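First the structure, in the form of structure tokens, and then the observations on it.
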Amino acid sequence: MFGNLIYLIVALLIYYTYQPPEKSGLHLAGSLLCFILLNIFFTLITYAQFQKLKKSISKESLFSLDQKFNRSLTRQSILAVVIFAMDIYMLNLPGFLSGIWLFKTLPTLLALLFMLLFVSYLAIVWAFAHGAACKIYGNRISKQSYIISNISFSVPMIFPWLLLSALTDIIGILPFKGLKDILATPQGEAVYFMIFLAAITLTGPAVIQKLWRCKPLEPGYHRNRIEYLCKKAGVEYAEIVYWPIFGGKIITAGVMGLIKKFRYILITKSLLRYLKPEEIDAVISHEIGHVKKKHLLFYLFFLMGYMIFSYALFDIIVYSIIHSKIAYWFINHTGLERSDGISIIIGIVTILFFLLYFRFIFGYFMRNFERQADTYVYALSSSALPMISTFKKIAATSGTPADKPNWHHFSIKERIDFLKKCETDRTWISRHDKKVKLSLLIYAASLIIMGWVGYSMHFSETGKNISMHYLEKTILQEMEKTPDNAELFSLLGNLYYDAGNFAGTVKAYEASLAIEPDNPDTLNNLAWLLATCEDKTFFDPERSLNLSKKAAALKQAPHIMDTLAESFYVNGRIKEAVAVERQALNSAKDNRSYYKDRLEKFIKEAGE
């Protein structure tokens with residue numbers, strides 16, 4: 001189930017790291033045809049995969065079938081991710097839809113539409129996997145419940161993204177310029193995100209349990225036992241609820257919520273049906289252990305840590321790829337435009353970093369937190385034997401082999417073996433607690449170091465100089481091999497512009513235009529510098545207008561029209577600046593607030 005959440009987050013990253021090209025290689029009709037064919041291919045191959053597995057059920061052992069089922073499930077889920085990436089990157093489906101007024105005004109709606117598309121791919125996998133799962137594991141859950149349970153467990157986890165994106169869209173269309181200006185700064189973004197994260201972390205469980213359609217556990221024997229155990233441990237909660245995951249037919253429980261008002265203890269009906277009272281106590285003790293050991297708070301800490309690690313290491317990784325010439329090799333051998341190639345590389349780096357972090361760092365702490373929660377049974381009981389017998393029942397009723405490995409849990413066999421060691425020697429509990437504490441200290445120290453690295457890379461002069469030196473050296477090395485490569489001169493000009501080296505910028509752009517005089521982006525960049533440069537040595541309004549007119553004639557992109565409007569403005573031709581900026585705004589799909597502000601500025605100057 002956690003795997004589905006990972007797939008959803010990867011799909012989000014694929015969507016948000018994509019930068020639509022100015023011109024798509026396919027027309028809308030061609031993209032739609034390819035989209036339909038891809039969906040047919042995916043559906044047929046998924047059907048064939050699980051039909052083949054169902055035919056082998058009577059011939060193989062449970063262990064072998066479990067491995068094959070999970071491999072098939074993983075393989076088809078990854079194929080769903082690949083098909084989704086092809087929809088985005090190859091077919092440019094977002095690009096065709098982003099010009100629609102509703103999606104242009106509220107981009108979150110378009111993102112939601114594509115996330116629903118990806119969920120539909122996963123639903124196809126779950127629909128065909130259902131029959132095999134029932135036969136292999138002896139499940140009696142209906143296909144509808146199987147699909148809905150998979151969706152309902154994972155989709156609410158991306159609810160915070162949906163809410164954050166929707167709020168950002170709404171703020172963008174409201175007439176609060178001061179608030180927009182604050183949120184446009186890195187500090188404003190950070191404060192806004194921290195406030196939102198705190199609010200959603202505290203109140204999110206109340207929303208999620210509603211989405212899961214949880215219902216309160218009725219008064220009676222079971223509720224009284226659970227209430228007594230929580231009171232004994234000093235754990236408060238909002239409610240004890242039934243968890244209808246997979247129709248409530250699996251033996252499991254859970255807890256969510258950082259504070260009493262929004263904390264919920266979740267149990268399935270099968271847990272109450274198949275476990276003895278002392279075994280139920282053991283499971284609840286495990287969940288109480290998560291609360292007492294502050295595991296839920298640490299998970300939030302690890303999420304923040306991911307942001308800090310990615311903030312610190314992302315540029316270093318990208319620079320390393322550029323320096324190793326992988327980027328140039330990839331772009332040259334795929335025939336992609338430079339912007340498209342870089343967009344894909346950044347997307348791949350983002351996804352790989354996310355997967356590695358959650359698989360190895362987050363997964364390491366999840367496994368050890370689960371073990372720590374297992375041992376908390378000793379805080380409320382004299383023996384872990386009921387927990388051990390519970391694990392055996394879970395293995396027997398689920399059909400899952402006891403020694404099956406898991407990235408976020410130790411195997412059932414490993415958990416039983418550790419508890420047996422604790423039964424004979426309780427010092428194993430303190431040893432494990434010390435291991436967890438040491439791991440947290442090492443992680444916290446790494447986080448501090450990475451935070452310092454990230455700050456230095458992005459805000460200190462030393463970091464900026466290192467970044468510029470890294471990129472400049474790489475570009476110059478490539479220029480030695482291909483001195484007639486106009487794009488490299490243009491890249492060098494961009495780098496010098498960001499560094500404030502305007503003389504170097506003009507020289508690099510001029511060299512690029514000498515090789516490729518009709519490159520609209522280079523023409524545009526040079527025109528912008530000549531129209532806006534703070535150093536009056538390079539301020540040349542007349543030439544800026546000539547260059548921007550030529551660029552706009554070659555490519556009527558919003559940013560190029562914006563430069564033409566600026567060139568008209570600095571030449572005193574305000575009404576023409578207004579007209580051109582209005583064109584830029586009308587054709588803009590992204591960053592529309594920027595073009596709105598620019599248009600308002602020109603209109604004000606024109607006295608309209």
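The values are calculated or read from the model by the stated rules, or taken from the named source; none is laboratory data. What you see is a predicted model, and the numbers here were worked out from it, not measured in a lab. As a convention, Cβ positions derive from the backbone with ideal geometry for all residues, glycine included, and neighbour counts pool all protein chains shown.
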Item to complete: Might you check whether a residue that is at pLDDT 90 or above and among the small types (G, A, S) occurs anywhere in the stretch 133-147?
Response: no
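Could you go through the stretch 157-173 and let me know if any residue there is under 30 Å from I45 (Cα atoms), assigned to a helix (DSSP H, G or I) and either in contact with a strand residue (DSSP E or B) (Cβ under 9 Å, 6 or more places away or on another chain) or at pLDDT below 85 (or both). Explain how you work it out, then say what you get.
Going through the stretch 157-173, the residues under 30 Å from I45 (Cα atoms) turn out to be 157-158.
Now drop any that are not assigned to a helix (DSSP H, G or I), which leaves 157-158.
Okay, now just the ones that are also either in contact with a strand residue (DSSP E or B) (Cβ under 9 Å, 6 or more places away or on another chain) or at pLDDT below 85 (or both), so 157-158.
Yes, the stretch 157-173 has at least one match.
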Discussion item. Being assigned to a helix (DSSP H, G or I) and either in contact (Cβ under 8 Å) with a residue 24 or more places away in the chain or among the hydroxyl-bearing types (S, T, Y) (or both) is the filter here; which residues of the stretch 52-66 pass it?
Written reply: L53, K54, I57, S58, L62, F63, S64, L65, D66
Worksheet item: Which condition number does Q49 fail, the rest of (1) more than 19 Å from the chain's Cα centre (by Cα); (2) surrounded by fewer than 17 Cβ atoms within 10 Å (Cβ to Cβ); (3) touching a residue at least 12 places away in the same chain (Cβ under 8 Å) being met?
Response: (2)
Discussion item. Filter the stretch 427-446 down to the residues that are more than 32 Å from the chain's Cα centre (by Cα) and either modelled with pLDDT under 95 or of a type in the set (A, V, I, L, M) (or both) and list them by number.
Written reply: I429
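Scan the stretch 84-106 for residues that are surrounded by fewer than 19 Cβ atoms within 10 Å (Cβ to Cβ) and assigned to a helix (DSSP H, G or I) and report the count. First the steps, then the outcome.
First pass over the stretch 84-106, keeping only residues surrounded by fewer than 19 Cβ atoms within 10 Å (Cβ to Cβ): 86, 90, 96-106.
So of that shortlist, the ones also assigned to a helix (DSSP H, G or I) come out as 86, 90, 96-97, 101-105.
Final tally of qualifying residues: 9.
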Worksheet item: Which one of these is out of contact with any helix residue (DSSP H, G or I) (no Cβ under 8 Å at 6 or more places or on another chain) and either of a type in the set (S, T, Y) or over 15 Å from S77 (Cβ atoms) (or both): L110, L116?
Response: L116
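Going by the conditions given, is L530 at pLDDT 90 or above, crowded, with 19+ Cβ neighbours inside 10 Å and among the aliphatic types (A, V, I, L, M)? Let's see the steps before the verdict.
Numbers: at pLDDT 90 or above: yes; crowded, with 19+ Cβ neighbours inside 10 Å: yes; among the aliphatic types (A, V, I, L, M): yes.
Yes.
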Worksheet item: For the subset of the stretch 120-132 comprising residues that are of a type in the set (A, V, I, L, M, F, W, C) and crowded, with 20+ Cβ neighbours inside 10 Å, which member is farthest from S56 (Cα to Cα)?
Response: L122
Fill in: Residue, surrounded by the fewest Cβ atoms within 10 Å (Cβ to Cβ), within the stretch 71-83, restricted to residues that are free of Cβ contacts under 8 Å to residues at least 60 places away in the same chain and not aliphatic (A, V, I, L, M)
R71
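Output the residues belonging to the stretch 142-157 that are among the aliphatic types (A, V, I, L, M) and buried (at least 18 other Cβ atoms within 10 Å of the Cβ). If you could, list the steps in order and put the result at the bottom.
Within the stretch 142-157, the first condition is being among the aliphatic types (A, V, I, L, M), and the residues that meet it are 147-148, 151, 155, 157.
Matches in the stretch 142-157: I147, I148, V155.
Specify which of the listed residues (F391, F360) is buried (at least 20 other Cβ atoms within 10 Å of the Cβ) and hydrophobic (A, V, I, L, M, F, W, C). Before you say what the answer is, go through the steps one by one.
Working: F360 fails: buried (at least 20 other Cβ atoms within 10 Å of the Cβ).
Result: F391 is the single residue among F391, F360 that is buried (at least 20 other Cβ atoms within 10 Å of the Cβ) and hydrophobic (A, V, I, L, M, F, W, C).
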Response to the item:
The condition from (1) at pLDDT 90 or above; (2) in a helix (DSSP H, G or I); (3) within 29 Å of L441 (Cβ to Cβ) that M304 misses is numbered (1)
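With respect to S381, determine if the residue is more than 24 Å from the chain's Cα centre (by Cα), closer than 30 Å to Y497 by Cα and not charged (D, E, K, R).
Numbers: more than 24 Å from the chain's Cα centre (by Cα): yes; closer than 30 Å to Y497 by Cα: no; not charged (D, E, K, R): yes.
When the stated conditions are applied, S381 does not pass them.
Just for the stretch 497-507: of the residues that are over 37 Å from the mean Cα position of the chain (by Cα) and either among the aromatic types (F, W, Y) or surrounded by 15 or more Cβ atoms within 10 Å (Cβ to Cβ) (or both), which one is nearest to P483 (Cα to Cα)? Write out each step before concluding.
From the stretch 497-507, those over 37 Å from the mean Cα position of the chain (by Cα) are 502-504, 506-507; that's our starting set.
When the remaining residues are screened for being either among the aromatic types (F, W, Y) or surrounded by 15 or more Cβ atoms within 10 Å (Cβ to Cβ) (or both), the result is 502, 504, 506-507.
Details: F502: 21, G504: 17, V506: 17, K507: 15 Å.
Here the answer is K507.
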Item to complete: Name the one entry in S439, S381, S398 that is touching a helix residue (DSSP H, G or I) at 6+ places or on another chain (Cβ under 9 Å) and closer than 19 Å to F301 by Cβ.
Response: S439
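Quick one: would you say S343 is within 25 Å of the chain's Cα centre (by Cα), crowded, with 18+ Cβ neighbours inside 10 Å, part of a helix (DSSP H, G or I) and at pLDDT below 75? Show your work before the answer.
Details: within 25 Å of the chain's Cα centre (by Cα): yes; crowded, with 18+ Cβ neighbours inside 10 Å: yes; part of a helix (DSSP H, G or I): yes; at pLDDT below 75: yes.
Against the criterion (within 25 Å of the chain's Cα centre (by Cα), crowded, with 18+ Cβ neighbours inside 10 Å, part of a helix (DSSP H, G or I) and at pLDDT below 75), S343 qualifies.
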Discussion item. Condition first: closer than 19 Å to Y378 by Cα, without any contact (Cβ under 8 Å) to a residue 60 or more places away in the chain, part of a strand (DSSP E or B) and aliphatic (A, V, I, L, M). Can you find one or more residues in the stretch 232-253 that meet it?
Written reply: yes
Worksheet entry | Filter pass, K481 being exposed (fewer than 15 other Cβ atoms within 10 Å of the Cβ), modelled with pLDDT of 90 or more and not aliphatic (A, V, I, L, M) | no
Response to the item:
Pairing a residue in the stretch 218-229 that is touching a residue at least 24 places away in the same chain (Cβ under 8 Å) and over 14 Å from L266 (Cα atoms) with any residue that is of a type in the set (S, T, Y) and surrounded by 15 or more Cβ atoms within 10 Å (Cβ to Cβ), where Cβ atoms lie under 8 Å and the two sit 6 or more apart in sequence or on different chains, gives L229/S285
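Pick from K437, K420: which is assigned to a helix (DSSP H, G or I), in contact (Cβ under 8 Å) with a residue 24 or more places away in the chain and not aliphatic (A, V, I, L, M)? Reasoning before the result, please.
Numbers: K437 fails: in contact (Cβ under 8 Å) with a residue 24 or more places away in the chain.
After applying the criteria, what remains is K420.
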